[in-house]
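Have a look at the structure below before the remarks.
The values are calculated or read from the model by the stated rules, or taken from the named source; none is laboratory data. What you are looking at is a predicted structure, and each value in this text was computed from that prediction instead of being measured. Cβ: placed from backbone, ideal geometry, glycine included. Neighbour counts: every protein chain shown.
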Amino acid sequence: MKISRWLLAVFATQMFWVSTVTAQGSPPKPVAQDEFRVTLLGTGSPAPVMRRFGPGVLVQAGGKTLLIDCGRGTTQRLMQSGLRLGQVDALFLTHLHSDHIVGIPDLWLTGWLEANYAQRKGPFVVYGPAGTQGMMDGLAKAYDWDIKARIADQDLKPDNIRAVVSEFKPGVIYDQGGVKVTAIEVDHGELLKPAFGFRVDYAGRSVTISGDTRFSPNLMDKAMGTDLLIHQVAAVREALLESPVFKVILSHHTRPEEAGTLFSAVKPKLAVYYHFVLLGTPGISAVTEQEVVEMTRKTYSGPLLIGEDLMAFRIDKDQVRQLPARTP
Ligand SMILES: [Zn+2]
Ligand SMILES: [Zn+2]
């Protein structure tokens, strides 16, 4: 009995090892200097599920490595994307809701270690809305013991843990090496200001990321003609809209039919959903992703994908190509 349990344990360990290796596969090819690549690191919302980690979008263009939001698991997904954590040049925050920033301490504090997966050389650069400086100061205070200990004990360089924060207003907030990031004010709700989406332009190509917003005419305007449009989506069944809790959540987000209207106006080469807010109760099932597509089709007939963690795209002059799938 003892032996068979032991064998079972060995077998289980090996199964785990095999499945881990198979799932991660070999790292993707490095990004060429003129390539414009976008990777969905996390496509989820606050729900703590394994399939969809918190919001995070990696944009690699013109030799720059930019990260939009840093939700739960962003650090792990960055590694799965074949990057050292220290390779991130700058983090851009759409807004300060916890599901978009809860991964920051991990990326910031793991990223300056000397291990080969980290190795940030230079400060942690953050572009965020009003309140970001206070948040980063608070994190420095919270992790003060760890930071001081690693400087004293491991001789880590204080400059590599320093956070350099730029609090931005709408407009162009980053313009380096031909890569331009524009902050677009969106509408996440009266009490949830400020909130932004971002458009990243490089060499006549672009990606626009909605962040959290209800239907935003300003986003529609600024995203016009963008190649790749990554947009959040929310839906519940009619019966749940009676409940004030669901009503409030839904009022902060964009429904599939509304997103379709926006996609039809913007005419991206590809529209992709991320940040899924599809809520249910034990008695009333959540809206499915297939139903989200069907609802969107009432107002939009162009190219559309349900985003998945680690789904990646290459934006070329004439097309947006989905890169080979990598299972989280
Ligand atoms: Zn939010
Ligand atoms: Zn959110």
Over 19 Å from the mean Cα position of the chain (by Cα), basic (K, R) and within 30 Å of T208 (Cβ to Cβ): does that describe K169? yes
On the given criteria, is V236 more than 25 Å from L67 (Cα to Cα) and buried (at least 20 other Cβ atoms within 10 Å of the Cβ)? yes
In region 61-96, how many are under 13 Å from the mean Cα position of the chain (by Cα) and within 16 Å of ligand 1 (Cβ to nearest atom)? 10
Could you grab the pairs with beta carbons closer than 9 Å, sequence gap of 6+ or different chains, first residue in region 79-103 and farther than 15 Å from Q60 by Cα and touching a residue at least 24 places away in the same chain (Cβ under 8 Å), second one of a type in the set (S, T, Y) and within 11 Å of ligand 2 (Cβ to nearest atom)? T94/S210; T94/T213; D99/S45; H100/T94
Out of everything in region 44-62 that is assigned to a strand (DSSP E or B) and more than 12 Å from ligand 2 (Cβ to nearest atom), what residue ends up being surrounded by the most Cβ atoms within 10 Å (Cβ to Cβ)? V57
For region 181-212, give me each residue that is away from ligand 1 (no atom under 16 Å from the Cβ), closer than 18 Å to G128 by Cβ and not hydroxyl-bearing (S, T, Y). V181, R199, V200
Any hit, region 243-250, residues being within 30 Å of D316 (Cβ to Cβ), hydroxyl-bearing (S, T, Y) and out of contact with any His (no Cβ under 8 Å at 6 or more places or on another chain): no
Among the residues of region 273-294, write down those that are within 16 Å of ligand 1 (Cβ to nearest atom), out of contact with any His (no Cβ under 8 Å at 6 or more places or on another chain) and either among the aromatic types (F, W, Y) or without any contact (Cβ under 8 Å) to a residue 24 or more places away in the chain (or both). F276
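So, restricting to helices (runs of 4 or more DSSP H) that lie completely within region 232-302, which ones have at least 3 residues that are closer than 21 Å to R51 by Cβ?
Details: elements: 244-251, 256-266, 289-296.
Fully inside region 232-302 and qualifying: 289-296.
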Suppose we keep only residues that are within 16 Å of ligand 2 (Cβ to nearest atom) and on the phi > 0 side of the Ramachandran plot within region 162-212. Which one would you say is surrounded by the most Cβ atoms within 10 Å (Cβ to Cβ)? G211
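Looking for whichever is part of a helix (DSSP H, G or I) and of a type in the set (D, E) here; the options are D187, D201, D221, D212. Which one fits?
Answer to the check: D221.
Sort out which residues of region 97-111 are aliphatic (A, V, I, L, M), within 16 Å of ligand 1 (Cβ to nearest atom) and surrounded by fewer than 23 Cβ atoms within 10 Å (Cβ to Cβ), and write them in order of number. Show your work before the answer.
Restricting attention to region 97-111, the residues satisfying the condition of being aliphatic (A, V, I, L, M) are 101-102, 104, 107, 109.
Of the ones still in play, those that are also within 16 Å of ligand 1 (Cβ to nearest atom) are 101-102, 104.
Result: V102, single match.
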All but one of (1) at pLDDT below 80; (2) touching a helix residue (DSSP H, G or I) at 6+ places or on another chain (Cβ under 8 Å) hold for S45; state the number of the condition that does not hold. (1)
